[in-house]
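Input: a single structure, listed below in structure tokens.
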Amino acid sequence: QVQLVESGGGLVQAGDSLRLSCKVSGRSIRTYVIGWFRQAPGQERMFAAAVTWSGGTTWYSDSDRFTISRDNAINTVWLQMNSLKPEDTAVYYCGALLKGVASDPSGYDYWGQGTQVTVSS
């Protein structure tokens, strides 16, 4: 069992930056890829970024504005988002993937409860 808790969302203005945190706990967490996704109302959950605990391999949908990082010592994964746009408004989720494609939400085994990000124009 793996637990994920997101935090760091909020209301920001277009052009601002925001850093989301995902605290991970549970059994064998190092075997999971941790991914960030976002979901706007009425839309599918969309991939943002993912990282492995060992070696720090990363995947991105938008590497120009998003940076994913992790700290193994405190079991936390961050998503740094810069130059935010109103279309980035969504609930952001982190998830844990044991096997599968990092950008495909259907393969993820565990999810956090999400954190709301709202970007005003």
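Side notes on the structure shown:
- Annotation for ALA40 and ASN72: the two label points, set 7 Å from Cα along the Cα-Cβ direction, are 3.8 nm apart.
- Net charge of neighbours whose Cβ lies under 15 Å from the Cβ of TYR32, counting Lys and Arg as +1 and Asp and Glu as -1: +3
- Database remark: amide H of ASP109 closer than 5 angstrom to the amide H of ALA96, LEU97, LEU98 (H placed geometrically; neighbours at sequence offset of 5 or more, or on other chains; Pro and chain starts carry no H).
- Looking at the stretch 1-76, the trypsin sites (Lys or Arg not before Pro) that sit in a DSSP loop and have at most 12 other Cβ atoms within 10 Å of their own Cβ are ARG27.
- Taking the stretch 1-43 and a reference point 7 angstrom along Cα→Cβ of LYS85, the backbone N atoms nearer than 14 Å belong to 14-16.
- Ranking by accessible area, most exposed first, for MET46, MET81 with a 1.4 Å probe: MET46, MET81
- Accessible area per residue was computed with a 1.4 Å probe on protein heavy atoms; TRP78 scores about 40 Å².
- Applied to the stretch 2-15, the Karplus parametrisation 6.51 cos²θ - 1.76 cosθ + 1.60 on θ = phi - 60° returns per-residue 3J(HN,Hα) values of 10, 10, 10, 10, 8, 7, x, x, x, 9, 10, 9, 4, x Hz, with x for Gly and Pro.
- Count Lys and Arg as plus one, Asp and Glu as minus one, and take only other residues whose Cβ is under 13 Å from that of ASN82; the net charge is then -1.
- For the stretch 61-71, 3J(HN,Hα) computed residue by residue from phi via the Karplus equation (6.51, -1.76, 1.60; θ = phi - 60°) reads 8, 8, 6, 5, 10, 10, 9, 9, 8, 9, 10 Hz, glycine and proline entered as x.
- Cβ-based net charge around TRP111, under 10 Å, with every Lys or Arg adding one and every Asp or Glu removing one: -1
- GluC sites (Glu not before Pro) lying in DSSP loop within the stretch 1-93, provided at most 11 other Cβ fall within 10 Å: GLU44
- Expressed as a whole percent, the accessible area of the chain that falls on carbon and sulfur atoms is 47 (1.4 Å probe).
- Cα gyration tensor, the stretch 57-99 - rounded (a/c under 1.5), prolate or oblate: prolate
The values are calculated or read from the model by the stated rules, or taken from the named source; none is laboratory data. If you're wondering where the values come from, they're calculated on a predicted model, not measured in any experiment. In this analysis, Cβ positions are derived from the backbone assuming ideal geometry, glycine residues included, and neighbour counts consider all displayed protein chains. Calculation scope for accessible area: heavy atoms of the full protein, side chains included, ligands and nucleic acids excluded. Shrake-Rupley method; radii C 1.70, N 1.55, O 1.52, S 1.80 Å.
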